[in-house]
1. Using the Karplus equation 6.51 cos²θ - 1.76 cosθ + 1.60 (θ = phi - 60°), what ³J(HN,Hα) coupling, rounded to whole Hz, does each residue of the stretch 12-18 give in order, writing x for Gly and Pro?
2. Under a point-charge model restricted to the Cβ atoms of Lys and Arg (+1) and Asp and Glu (-1), what is the dipole moment magnitude of the stretch 103-219 relative to its Cα centre, in debye to the nearest 20?
3. Please give the net charge around His96, taking every other residue with its beta carbon less than 15 angstrom from that of His96, where Lys and Arg add +1 and Asp and Glu add -1.
4. Find which of Ile233, Gly130, Val92 sits farthest along the positive direction of the dipole of the chain, computed with +1 on the beta-carbon of Lys and Arg, -1 on that of Asp and Glu, about the Cα centre.
5. For the stretch 2-199, what proportion of DSSP beta bridges, expressed in % and rounded to the nearest 5, is antiparallel?
6. Would you mind getting me the FRET efficiency between Lys229 and Ser182? Use the beta-carbon distance for r and R0 = 30 Å, nearest 0.05.
7. Which length gain, in nm to one decimal place, applies between Asp163 and His96 when the Cα-Cα distance is subtracted from 0.36 nm times their residue separation?
8. Report the label-to-label distance for Glu18 and Leu122 in nanometres (one decimal), using points 7 Å from each Cα along the Cα→Cβ vector.
Amino acid sequence: EGYIQSSNLFKEFIYLNEVDSTNAYVKQNQQYLPNATVVYAERQTQGRGRFSRRWVDLDKGIKMSILLKLLLLDLEKIVPFTLFTGLVINRVLRKHGVESFIKWSNDIYLNGKKVCGILSELSGEVEGFGSIIIGIGINVNAKSVPEEIKDIATTLKAETLHDFDRTRLIIDILKEFERELSNFEKYGFSYFRDEYKSFCINLGKEILVNGERMLCKDIGKNGELVCEKDGKIVEISSGEVTIRF
Ligand code: BTN
């Protein structure tokens, strides 16, 4: 495919018809996989979501994982990295005419429902080196989602009533990721903060964080959620967030 020839970073693309989870596949095989390998699966039998949830497998979607090796492992990096990935995907979807938004930390929403989730995992620590596995699931061309998740999730096709070229989406996501990676590495999340804020649907809303009610005031310079609770400012760097509309 085009991006394998035109990308300096993403040179390895593994296409699988079926796998348990692309994240698990990368984790198991990472010692044999070069940096920036992308593993794509047409079908996942045990797709994983955040907070030990499962990722419902939809037909004609995008399920892929990116392996980034040899980063000095730094737990603090993983959150901004995921935020960065979410921002890149939101940007690409918008370029494809989709009016998507970001729900902190890295869900992509369309018309109030989730169309994309990202699961980043750290692994393989050896003498301070290791890797980040960024798993991306996008609901693309399925006509609808199963009944059990229909109140919270949707697909690009269900909302726009047309099909998307999945290859084009993947190419654009990887290109944009690569193009902005040096800015991310140089300046961190703060380089993207204004754009992130302009698409973040949590701002100004009352939200529930691990069951506690707060008002979301801002996104901090490292991507943390800045909230107000009982007149006090609370910074949240991870955790489950529910928006109360
Ligand atoms: C979430 O929103 O909870 C994250 C969902 C991440 C799903 C993707 S699909 C490709 C990759 N492989 C997995 O098992 N999960 C991620």
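Coordinate-derived values only; no laboratory data. Treat the numbers as computed from the prediction; the structure is a model and nothing was measured. Cβ coordinates were reconstructed from backbone atoms using ideal geometry, including for glycine residues, and neighbour counts include every protein chain displayed.
1. Running phi through 6.51 cos²θ - 1.76 cosθ + 1.60 with θ = phi - 60° gives 10, 10, 10, 9, 10, 5, 8 Hz.
2. Numbers: 16 positive and 20 negative charges, 85 e Å.
For the stretch 103-219, the charge dipole is close to 400 debye.
3. Numbers: positive: Arg91, Arg94, Lys95, Lys157, Arg166, Arg168, Lys175; negative: Glu99, Glu159, Asp163, Asp165, Asp172, Glu176.
Here the count lands on +1.
4. Val92
5. Values: 29 of 36 bridges.
Antiparallel: roughly 80 percent of the beta bridges in the stretch 2-199.
6. On the way: r = 37 Å, r/R0 = 1.24.
After rounding to 0.05, the efficiency reads 0.20.
7. Working: separation 67, 0.36 × 67 = 24.12 nm, distance 1.12 nm.
Full extension of this stretch gives 23.0 nm more.
8. Here the modelled spin labels are 3.5 nm apart.
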